[in-house]
Structure formats: structure tokens, C-alpha cells
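One structure, as C-alpha cells, below. Some questions next.
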Amino acid sequence: MINDLKKDCETRMRKSVESLDQAFTRVRTGRAHPAILKDIMVPYYGADTPLTQLANVGVEDARTLIVQPYERTMIAVIDKAIRNSDLGLNPISGDVIRIPLPALTEESRRNMQKMARGEAENARVAVRNIRRDVLADMKELLKEKEISEDEERRGSDDVQKITDKYIAEIEKNLQAKEAELMQV
């Protein structure tokens, strides 16, 4: 029973770290990367549709993204959606949409670093919440006399070790992202 709880704990914490990695792909580093546009929604026949379903997003060079809509009539709508996003990008429309990424200033790098730290803190909180839930489940099993106090204590120690492992991984990922952000 405790092993099942520990496996569940490990799986959920791994998903939290994977979610953090996904969030880090949205934090701009000065290099063009298609994941920057991943969350942009475009109105398409009355429904908001992800940009990646309406166009091919690629990298033209180190500082330019290129968006090639599947339908030429969507160029203006996609352009407007990119401009209205909170990414601060100014697309240039033609046959395709080119999105030059401005070089990051020291201030924008600091802001991106704050965003990365906020995402890392959210991941740490998620990991701690998972730990709390698993420990509560163990206490419940102890209360119902399904496990002994020694098993509960050993299980709690194991859950803490798992938590420490994933917190350390979050810290390592955050340091790597901050180093990437501060590269000029």
C-alpha cells in the first residue's frame, strides 16, 4: 500500500517537473524558438484555435520566426492574434508572417528571469502539495490501522527523500534557464 502511494507520489512529482520544463520553453531567451508561439489562440470560424493548428511555425534564422498559414486568408487574423498576445512581438505580414525577435535588454532579461523563478516556485509548491497529500493518505492508513507506525514513519521518510530529489531537479533546471537567459 505504501509502495503504491510512493509510486503515485513519484509519478505526480515527475509530471510537475515536466510541466515546469514546458513553462520554461515559453520564456523567451533571445533565440527564435517555435514554442514561443505555442499558446497563441486565433479565432477561426467562431472558435479559438491554437496557432499551431492553423499554420506551420518555423525558425528562419537565430532571431526570426516564420509563420506560414495553411490558408492565405488567415494571414491578417494570425498577425492580429500575435500582436494582441502579451509577448511584445511585431509581426511583418506578406506571403508569410515573419516575426523578428528583438534583442533582449538587461531589463527584459531580468523580467524573464523573474518569470522563470515564478514558474519554478509554482513547481516547488506543486511538489510540496503532492507530498502533503501523500503524507495525509499515510496518516489515514495509520488511523484505520492498515499500516503500523513504523511503516508510516519509514514511508514518510521515503516521501521526503523523493520530494528533496524533485526540488533539487527543479533548482537545477532553474539555474540552467537563468544561465541561458543571461547569455549575451
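The values are calculated or read from the model by the stated rules, or taken from the named source; none is laboratory data. What you see is a predicted model; the values in this text were computed from it and never measured. A quick note on method: Cβ atoms are made from the backbone with ideal geometry, for glycine too, and the neighbour counts reach across all protein chains shown.
Only one of ALA168, ALA176, ALA126 is in a helix (DSSP H, G or I), in contact with a helix residue (DSSP H, G or I) (Cβ under 7 Å, 6 or more places away or on another chain) and in the same structural domain as LYS6 (by TED's automatic domain parsing); which?
Among ALA168, ALA176, ALA126, only ALA126 is in a helix (DSSP H, G or I), in contact with a helix residue (DSSP H, G or I) (Cβ under 7 Å, 6 or more places away or on another chain) and in the same structural domain as LYS6 (by TED's automatic domain parsing).
Yes or no, residue by residue, for (1) of a type in the set (Asp, Glu); (2) under 30 Å from VAL17 (Cα atoms); (3) over 22 Å from the mean Cα position of the chain (by Cα):
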{"position": "PRO43", "(1), (2), (3)": "no, no, yes"}
{"position": "LEU89", "(1), (2), (3)": "no, yes, no"}
{"position": "GLY94", "(1), (2), (3)": "no, no, yes"}
{"position": "THR105", "(1), (2), (3)": "no, yes, yes"}
{"position": "ARG117", "(1), (2), (3)": "no, yes, no"}
{"position": "GLU121", "(1), (2), (3)": "yes, yes, no"}
{"position": "LEU135", "(1), (2), (3)": "no, yes, yes"}
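Next question, about the same structure. So which strands (runs of 3 or more DSSP E) are wholly in the stretch 1-119 and hold at least 3 residues that are surrounded by 19 or more Cβ atoms within 10 Å (Cβ to Cβ)?
Once the strands (runs of 3 or more DSSP E) in the stretch 1-119 are filtered for at least 3 residues that are surrounded by 19 or more Cβ atoms within 10 Å (Cβ to Cβ), what remains is 64-69.
Now for a different question. How many residues are out of contact with any Leu (no Cβ under 8 Å at 6 or more places or on another chain) and either within 23 Å of VAL27 (Cα to Cα) or charged (D, E, K, R) (or both) if we restrict to the stretch 39-84?
17
Here is a follow-up. Being in contact (Cβ under 8 Å) with a residue 60 or more places away in the chain and of a type in the set (Ser, Thr, Tyr) is the filter here; which residues of the stretch 1-53 pass it?
Correct list: SER16, SER19, THR29.
Also, quick follow-up: Condition first: of a type in the set (Lys, Arg) and more than 12 Å from ILE82 (Cα to Cα). Now tell me which residues in the stretch 32-67 satisfy that.
Once the filter is applied, which keeps residues that are of a type in the set (Lys, Arg) and more than 12 Å from ILE82 (Cα to Cα), the stretch 32-67 yields only ARG63.
Taking VAL77, is it modelled with pLDDT of 90 or more, in contact with a Phe, Trp or Tyr (Cβ under 9 Å, 6 or more places away or on another chain), assigned by TED's automatic domain parsing to the domain that holds ALA136 and of a type in the set (A, V, I, L, M, F, W, C)?
Criteria not met by VAL77.
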